[in-house]
Amino acid sequence: MKIKLTDIKTNQSGTINEVIDNPLITKLFEFGLLPGASLKVVNIAPFNGPISILVENTRVALRQKEAQFILVDC
């Protein structure tokens, strides 16, 4: 089931299914956010703050507007 990264709860894990084309796609790929990579949501800041995720042993913090372009299989 594909859902947006913004819809995943803290401590949930999944696999990136797709990164929707957007102006930051190159930067997301450089961070290791590639289709097939496993991730875990570490923390979600309150008031629509950043989402902290662990991707293949690398911690990455994304703004909500960036995270909405990442589709995850849970």
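In this structure the amide hydrogen of residue 42, modeled in the peptide plane, comes within under 5 Å of the amide hydrogens of 11, 52, 53, 54, none closer than 5 places in sequence on its chain. Note on the stretch 2-73: the alpha carbon radius of gyration divided by the globular reference 2.2 N^0.38 Å gives 0.95. Report summary: the helix-based calculation at 222 nm, which adds -39500 (n - 2.57) for every DSSP H run with n ≥ 4 and divides by the residues of the chain, gives -2500 deg cm²/dmol.
Read the figures in this text as sums done on the coordinates, not as results from a lab. Please read these numbers as outputs of a predicted model, since none were measured by experiment.
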